[in-house]
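Notes for the one structure printed next.
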Amino acid sequence: MRLTVNGTEHTLDDLEPEMPLLWALRDVLGIRGPKYGCGIAQCGACTVHVDGEAVRSCQLPVGDVWGAVTTIEGLGTPKAPHPVQAAWIEAQVAQCGYCQSGQIMQAASLLAEVPDPTDRDIDDAMSGNLCRCGTYPRIRAAVKAAARAMREGA
Amino acid sequence: MGRAKTIARRTFLVGSAAIAGGVAFGVWRHATPYANPLLRDLPEGAAALTPYVRITGEAITLITPRADVGQGAASVQAMLIAEELDVALDQVETEFGPPDRAYWNTALASEAVPFRATDRGWLAETARDVMGAPMKFLGMQITGGSTTVPDAWEKLRRAGAVARETLKETAARRRGVARDALDTGDGAVILPDGTRLSYQSLAAEAARTEPVTDVVLRDPAAWRLVGKPMRRMDIVAKSTGTQDYGIDEDQPGLLHAAIRLNPGHGAALRSYDAAEAEGMRGVERIVELPGGVGVIADNTWRAMQAAQAIACDWAPAPYPAEMDGHWQALADSFTPDRQDSRLRDAGDAEAALAGGADVEVEYRAPYLAHAPLEPLNATVRYTSERTDIWTGTQVPRFVQKNAASITGQDSGDVHVHVRVAGGSFGHRLEDTVVRHATRLAMAVPGRPVKLTYSREEDMGQEYPRQIAMARGRGRVAEGRVAACDLGIAMPSILGSQMGRQAIPTPGPDLQIVAGAWDQPFAIPDYRVTGYRAPELAPVSSWRSVGASTNGFFHDCLLDELIHAAGADPLEERLRLCSHAPSRAVLEAVGEMSGWGGPMGAGEGRGVAYCLSFGVPCAQVVEVRDTGEGLRVTRVYVAADVGRVVDPVNFEAQMQGGVVWGLGHAMHGQMTYAEGAAEQRNFDTFRAMRLNECPEIVVRGLETDDRIRGIGEPPVPPAAPALANAIFAATGQRLREMPFGRAVRFAG
């Protein structure tokens, strides 16, 4: 089984294809940005991109991955953050931060598709991502700030 | 040893046995500083000038002993040290420090004495001071009770100043100049000619310099950091997936574990059959545990799969199997023999209500899960010589002590490495996960084992927020609230929690009435009685603790009485209140919300107030009936913490507290059926999501003369403000949480 994650190809021969992608990333490949929160696609902490589409890696069997995987580590880095990450830093969204990898991946996928989202678009895209600390007001502000920055940068 | 134990018990009793007996010893002990724990493992050439500052050739490290569970504790503690130490925050690292008595929490004591936070009389202040001594004596290294900033406020600035002056003294001696001729800035001592000697270059010599302790803290006008917007030190890591949490712990040779515990929380495992699990791929070991069984495997998923495949025969839960039994136990607790406290008893409520009540109502609040997003986990490596534990915890000393009693080692041989936690809200005041992980690690000596609870186990093994019931009645006269009598029944949170740590909690449990008895209202006949219900499901501190239920009971009863009196909800609260900071927060939300201004059809505005953890907090909630359910549109919230140390994080904690309070009031409940929690994941345990989140406008006031924490106080007023707003919009009184049982919220 071959899996491309953040531009690197990995061979995973000795793995059950039904193992969720999340656990293959975390425990087999040591990529721990995607988080385990619920295991049933209710919280969004495990969100990654497969061919640019936001998916819940806790519910995606590793054998069913259809394209290149991008995790939060592949989106940007502390030295070169993605515009969504830069907006998250500027707005100081994170409290405990545990959900934020998933929130950021979800927001990046929204903005790739909808460069100028309405509040309703943001509600629709982001309400599957749970934040127990209650950072929602800043999440909304950061999504809008990132959208502006990406439109101006484009 | 026997003698020391007696004294410890006696000094701890001080808080509830008033302020006699054992105090002198406690005070003596209080005045004797603990040894600096950083000196134990200090490398050659490094200096640890106080328990909070360590300087080596590689780094300046600030020790921030209160756990960071998302509330920004690490950053704010570092800020307070850095303010006096004269370092920039990007020059330093932070570390939570080892479990040690030196890191006691004195501020917790102020919540443990039976005086209102607004009472600044001699007796109240003396009791707080004296209670601080046994807190130190016991070395309560606890994060909780919104105490991090109050506890750190002087202590950490002083630690920074001692380190700074000692470094200056070192430089003064080296260069033969007077210490007061030197300046400091950005991690260096600055000589009169402008030459900079970095702290790190002075560290080895400073370690041999007698610390300069006669320091004067800077005038607020000179502050560089305190009170200014700061960038959280963890914000980049937490925005780029590079922050490691306890669940991300990796050690050479790491094994992974999962667990299966009796869903009847606390009951035994009668027998189990692990034949299928033993044959599953990756499984290394099946280990029987108290109340369950654990699986050690080569990755988490395989361990969880195998744990699910074990057939278990469980003993029945040690509490009522169905909710009816829990509610009945509360209803039966409003009796003289269960009376726990009556700390508020003004006028004569009994006589005032003898002729009947204008309002007579019952309120209910359910059990609630903490459910931080990072499930409970702990990594433990056991050898016969030492045990290492990596985990996110608010109680590192309890973790150490309890692990040591399991391994049979001395506490000093158990090394606790506190990790950043993905939320807590009180969840990590319990250490059961570490006890199980320790037993698992002992099955494979030398191999580190990371135990990760599945979400279902995490919620199934909750020590939830207390269930509670209140009965209120009152009278009105001439358009005013004249009499108010509130009785509250709940199991003792403190008793349940401290019972698991084998720490006695004599005297009344103030949390049974916190957020109700201590409210600064001058109602002529005014009584608040606490009733200690029998122990039901095991319960624990949940963000704002007793006030999370009692703020709802007290303020909604007041709102109903004000309505019965025909008075304005904001004006009557102000008329009854003479505590200036409390009046100020009420006036603030009135002004922010345009209280009294017109609302549209189907719209309503509700105000609520609660004083908790010494912080007065008021909220106005606005709701609109959309025809497809109620929508919370806007919240105005004001609180007075004496001084806003970081306005950015203050706003975050206020907004987060409102979301927490509203979301659970709307949707949250944990119920038991056949002895097991029915909500085991976020599909059934509903929380607020982004689409339901209102605009939340925050204001911080600084009129109070004492500094307070802000993690919890925004929570208690949220639920009553919402209930009062729904009443204003629809005429329907909601007396039982979650409100979603009775009304529909718009999605």
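Bear in mind that the values in this text are calculations on the coordinates, not laboratory data. What you see is a predicted model; the values in this text were computed from it and never measured. Every residue, glycine among them, receives a Cβ derived from its backbone with ideal geometry; neighbour counts consider all protein chains shown.
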Legend entry - Coarse-grained scattering of region B:441-539 at q = 0.14, 0.19 Å⁻¹, given as base-10 log I(q)/I(0) from a Debye sum over alpha-carbon atoms: -0.72, -0.98
Inset, instruction - Report P(r) for region B:541-622: all Cα-Cα distances, bin width 5 Å, range 0 to the bin holding the largest distance, values in whole percent. - result: 3, 14, 24, 25, 20, 10, 4, 1, 0
Legend entry - Residues residue B:281 and residue B:346, FRET efficiency given R0 of 56 Å [Cβ-Cβ distance, rounded to 0.05]: 0.25
Inset, instruction - Show me B:690-698, B:321-329 ranked by packing, highest mean number of other Cβ atoms within 10 Å first. - result: B:690-698, B:321-329
Inset, instruction - Using DSSP to define loop residues, name the trypsin sites (Lys or Arg not before Pro) in region B:274-331 whose beta-carbon has at most 10 other beta-carbon atoms within 10 Å. - result: none
Legend entry - Cβ-derived FRET efficiency at R0 22 Å, residue A:152 paired with residue B:88, nearest 0.05: 0.10
Inset, instruction - Grab the DSSP H runs of chain B that are 4 residues or longer, score each as -39,500 (n - 2.57), total them, divide by all residues and round the 222 nm result to the nearest 500 deg cm²/dmol. - result: -9500 deg cm²/dmol
Inset, instruction - Fewest Cβ neighbours within 10 Å first, please rank A:14, B:525 accordingly. - result: A:14, B:525
Legend entry - About the Cα centre, charge dipole magnitude for region A:2-72 (Lys/Arg +1, Asp/Glu -1 at Cβ), debye: 360 debye
Legend entry - region A:68-153: trypsin sites (Lys or Arg not before Pro) in DSSP coil with no more than 10 other Cβ atoms inside 10 Å: A:79
Inset, instruction - Can you figure out the FRET efficiency of residue B:746 with residue B:385, using R₀ = 41 Å and their beta-carbon distance, to the nearest 0.05? - result: 0.10
Inset, instruction - For region A:6-154, build the convex hull from the C-alpha positions and give me its volume per residue in Å³. - result: 109 Å³
Legend entry - Whole-Å semi-axes of the ellipsoid equivalent to the protein assembly as shown (Cα gyration tensor, √5λ, descending): 39, 36, 30
Legend entry - DSSP-loop trypsin sites (Lys or Arg not before Pro) across region B:163-247, with at most 10 other Cβ within 10 angstrom: B:208
Inset, instruction - Round to a whole angstrom and tell me the spacing of the C-alpha centers of region A:47-121 and region A:1-33. - result: 18 Å
Legend entry - Residue-span extension gain [residue B:179 to residue B:574] - 0.36 nm each, minus C-alpha spacing: 136.8 nm
Legend entry - Size descriptor, Kirkwood hydrodynamic radius, that averages inverse alpha-carbon separations across region A:2-72, Å: 11.7 Å
Inset, instruction - Among B:554, B:265, B:436, rank each residue by its count of other Cβ atoms within 10 Å, from fewest to most, as a rough exposure measure. - result: B:265, B:436, B:554
Legend entry - Cα-based Rg and Dmax for region B:130-288, where Dmax is the largest Cα-Cα distance (Å): 26.1, 78
Legend entry - Cα-centre dipole for the protein assembly as shown with unit charges at Cβ (Lys and Arg positive, Asp and Glu negative), debye to 20: 1700 debye
Legend entry - Residues B:197, B:611, sorted so that the one with the fewest Cβ neighbours within 10 Å comes first: B:197, B:611
Legend entry - Per residue, the convex hull volume that the Cα atoms of chain B enclose (Å³): 169 Å³
Inset, instruction - Quote the charge dipole size of region B:557-600 about the Cα centre in Debye, to the nearest 20; the model charges only the Cβ of Lys and Arg (+1) and of Asp and Glu (-1). - result: 120 debye
Inset, instruction - Over the whole of B:250-261, what's the average partner chain Cβ count within 10 Å per residue? Rounded to a whole number, please. - result: 1
Legend entry - Average beta carbon contacts from partner chains per residue of A:82-92, 10 Å cutoff: 4
Inset, instruction - From other protein chains only, count the Cβ atoms within 10 Å of every residue's Cβ in A:135-145, then give the mean. - result: 4
Inset, instruction - Any chance you could check the Cα centroid distance between region B:627-680 and region B:352-401 for me, in angstrom? - result: 17 Å
Inset, instruction - In square nanometres and to one decimal, what's the mean projected area of the convex hull around the Cα atoms of region A:75-153? - result: 4.7 nm²
